[in-house]
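Let me begin by presenting the structure, written as structure tokens, before commenting on it.
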């Protein structure tokens, strides 16, 4: 069975999954939810444990919850450490990246300037020092999603005080699979008013 990701045509909570799929080199198809009727049919299908998306169909499984999907892919493709001690460190870094990225998720539906102010004044000094390390795991791909947003919304100069992190970010972006993803059709553009309208129309 081919791997398939079902979500709306935007970044949201699906973009990290796309980044990880790109990172491990797994080909997949996407189905975009565009109508309320399509959403209702999907809920009736029994594929959604909590009636939430994204949904990743892989290996005969129907997976929901972004974190669970990320961890499944990480274990499957050896991006989760080699023992319990390494795995829990990956988890801590990964969860930190999710806390950081939450400010950018909220930005689409709330005041953008307030979110960017929080990102710059609170989140950057809180999280950036921790990530000046060197390894590849789902934690790093979670971090990559954050740093892509930081570069887009706050500018590369936000990383100037964290040269090791900045250099590592450039290395991550330069990885063949990641570079291809960032230039390809699976990488979603910045969330637009049309995206917000679709989410509200289809999922609410």
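For a quick check of your reading of the model, give me the residue pairs whose first member lies in the stretch 190-202 and is over 23 Å from residue 146 (Cβ atoms), whose second is exposed (fewer than 14 other Cβ atoms within 10 Å of the Cβ), with beta-carbon atoms closer than 6 Å and at least 6 apart or on different chains.
What qualifies is 202/36.
Do we find a residue being in contact (Cβ under 8 Å) with a residue 24 or more places away in the chain, surrounded by 16 or more Cβ atoms within 10 Å (Cβ to Cβ), over 26 Å from residue 160 (Cα atoms) and in contact with a helix residue (DSSP H, G or I) (Cβ under 6 Å, 6 or more places away or on another chain) anywhere in the stretch 81-100?
Within the stretch 81-100, one or more residues are in contact (Cβ under 8 Å) with a residue 24 or more places away in the chain, surrounded by 16 or more Cβ atoms within 10 Å (Cβ to Cβ), over 26 Å from residue 160 (Cα atoms) and in contact with a helix residue (DSSP H, G or I) (Cβ under 6 Å, 6 or more places away or on another chain).
I'd like to check which strands (runs of 3 or more DSSP E) are fully inside the stretch 1-69 and have at least 1 residues that are farther than 24 Å from residue 194 by Cβ. Let's see the steps before the verdict.
On the way: elements: 4-7, 29-32, 55-58, 61-64.
Ranges flagged: 55-58, 61-64.
Mind checking whether some residue in the stretch 40-48 is at pLDDT 95 or above and at positive phi?
yes
Could you list all residues from the stretch 99-111 that are closer than 18 Å to residue 15 by Cβ and either part of a helix (DSSP H, G or I) or modelled with pLDDT of 75 or more (or both)?
Passing the criteria: 99, 100, 101, 102, 103, 104, 105, 106, 107.
Among the residues in the stretch 24-35, are any surrounded by 15 or more Cβ atoms within 10 Å (Cβ to Cβ) and in contact with a helix residue (DSSP H, G or I) (Cβ under 6 Å, 6 or more places away or on another chain)?
yes
Restricting the search to the stretch 37-47, which residues are crowded, with 17+ Cβ neighbours inside 10 Å and in contact with a strand residue (DSSP E or B) (Cβ under 8 Å, 6 or more places away or on another chain)?
42
The values are calculated or read from the model by the stated rules, or taken from the named source; none is laboratory data. It should be emphasised that the depicted structure is a prediction, and the values quoted were computed from it without experimental measurement. Heads up, the Cβs are rebuilt from the backbone with ideal geometry, glycines too, and the neighbour counts pull from every protein chain shown.
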